[in-house]
1. Calculated FRET efficiency, S365 and R396, Cβ-Cβ r, R0 22 Å, to nearest 0.05?
2. log₁₀ I(q)/I(0) of the range 1-159 at q = 0.09, 0.16, 0.19 Å⁻¹, via Debye over equal Cα point scatterers, no solvent, to two decimals?
3. Per the helix-only calculation at 222 nm, which mean residue ellipticity applies to the chain, given -39500 (n - 2.57) for every DSSP H run of n ≥ 4 and division by its residues, nearest 500 deg cm²/dmol?
4. Which of rounded, prolate or oblate describes the range 127-284 when judged by the alpha-carbon gyration tensor and an a/c cut-off of 1.5?
5. How big is the charge dipole of the range 107-250 about its Cα centre, in debye rounded to the nearest 20, if each Lys and Arg gets +1 on its Cβ and each Asp and Glu gets -1 on its Cβ?
6. Is the shape of the range 236-298 best called rounded, prolate or oblate, per the rule: a/c under 1.5 gives rounded, else a/b larger than b/c gives prolate, else oblate, with a ≥ b ≥ c the square roots of the Cα gyration tensor eigenvalues?
7. Which whole-number percent gives the relative contact order of the range 1-154, counting Cα pairs below 8 Å spaced six or more residues apart?
8. Pull out a ≥ b ≥ c, the square roots of the eigenvalues of the alpha-carbon gyration tensor of the chain, then state rounded if a/c is under 1.5, prolate if not and a/b is larger than b/c, and oblate in the remaining case.
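The values are calculated or read from the model by the stated rules, or taken from the named source; none is laboratory data. These numbers come from a predicted model, not from an experiment. Because the Cβ atoms are built from the backbone with ideal geometry, glycine has one as well, and the counts that use them run over all protein chains shown. Side chains included, ligands, DNA and RNA excluded: accessible areas come from the protein's heavy atoms. Shrake-Rupley method; radii C 1.70, N 1.55, O 1.52, S 1.80 Å.
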Amino acid sequence: MKSTNQPSFFDAIIPLLFLVLLLAASVALYGADSSYGPNQIVLLLATGVACLIGIKNGYKWQQLEEAMIHGISVSMGAIFILLAVGSLIGTWLLAGTVPTLIYYGLQILNPDWFYAAACLLSAIVAMSIGSSWTTAATVGVALMGIATGIGMSPAIAAGAVVSGAYFGDKVSPLSETTNLAPAVAGSDLFDHIRHMLWTTVPSFVIALILFTILGFTEEASAESVSIGNVQEIISNTYDVSLIHLLPLVVLVVMAIKKVPAFPAIFIGALIGAVWGYVFQPDLLAKVAGGDDFIQKIAVVWKAMFDGFSIVTGDDNMDKLLSGGGMSSMLNTTWLIMTALMFGAVMEKLGLLAVFVRSILSAAKSSGSLITATIGTAFGINVVTADQYMSLVMTGRMYREEYERRGLANVNLSRALEDGGTITSPLIPWNTCGAYMAGVLLVSPLEYWQFAFFNLINPMLAILFAYLGIKVLKKQEQ
């Protein structure tokens, strides 16, 4: 068997520079639309460059192809969830679940406090169910609708939802990433959560203060859109009552009971389909063009695969009350697959390890080591496009060094989350960034500067590391 050569630093930097330059060109040319095709082409081209370097170093095409296939297979669980979420949004629009949340939310949420309330509500839900994705797909969608209804900024609203969802996810013992990080680092789950509170709680409090300030200084408020008009259109279009929130209640219960995400969300979509048929007969007849049983079933079926659409006479409300379907997630799936292909080839060729060796040689202090860990986790998020790969690969690369320096494992597990979990929704081609864009309908390029928690947390963690605040030694753990 032909041996392969170890990659050089020059080998490692070429694909990354190629990727960064073309992504910058993509954003410059297409702006927020860059994730709807241009970025996918960039990622495929960058994968091709990485493959050429691999072939130069003695790898065969079959090996590279196997790596890409394996990389994509890692994301299949996320893709299944994405497709299920598309169906869920479609059937919940038909069933009146999302419109009911918007209707009651408009009565409760004051524009001055909206951003802070949206962040706090998302945090509570995510903490309860341990999933930022499910939170965004349920209350997040409703909150975005309420933001439209009261004339608030969609970008800031999305930043508030993402901030709250990721804070709640991060401190919840039910969260997959919160369990994965200590497992990789070799620390105890609850020790890990307690250690994270030192950076997450101050970051979240600062984020809430900033959202409160934005809420009181927001000029759009309710003047641009009549709240009463929005509620009137919803009540004229749907049968609105608390019973329409039952699909949401069932989904939350399943999440708390740790039912796997894909079946739980798809069951939620099916319940929404049944709810739409049973409890929205007038709406269904209007969309179907009559009371024909087959035509009604066709509308429900279409809501699952191609979304739900309604004509109310108001273009803004039509956009608000229409959407979803598995087809709405196909672009996101395309983005995830191409991003993971690139990341898989980079890992297979050992190109990422080249950077880590250079970083470790320069990271002399505990503060610089923790900073390097956070930076590496973020970098792998960018390159591999997956938060799980970011946590696992970074943890695997640095665990031995933390142990060699006598640092407690909770330092590593916290750094993995501060740099990996938290930053993932800020990257448009990352699975989390692509997911949030698909669900909230706002690109990470638009909301990243308002995802205050996700921005502040890594910076505060680095500050704490250099100041030596809660940087524990083995004997202190």
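1. Working: r = 22 Å, r/R0 = 1.01.
The calculated FRET efficiency here is 0.50.
2. Those come out to -0.51, -1.01, -1.17, one per q.
3. Values: 25 runs with 347 residues, N = 477.
Result for the chain, helices only: -23500 deg cm²/dmol.
4. On the way: a/c = 3.68, a/b = 1.29, b/c = 2.85.
Oblate shape, in that a/c is at least 1.5 and b/c is the bigger or equal ratio.
5. So the magnitude is around 280 debye.
6. Numbers: a/c = 4.31, a/b = 1.93, b/c = 2.23.
Oblate shape, in that a/c is at least 1.5 and b/c is the bigger or equal ratio.
7. Here the relative contact order equals 18 percent.
8. Details: a/c = 2.06, a/b = 1.53, b/c = 1.35.
Verdict is prolate for the chain.
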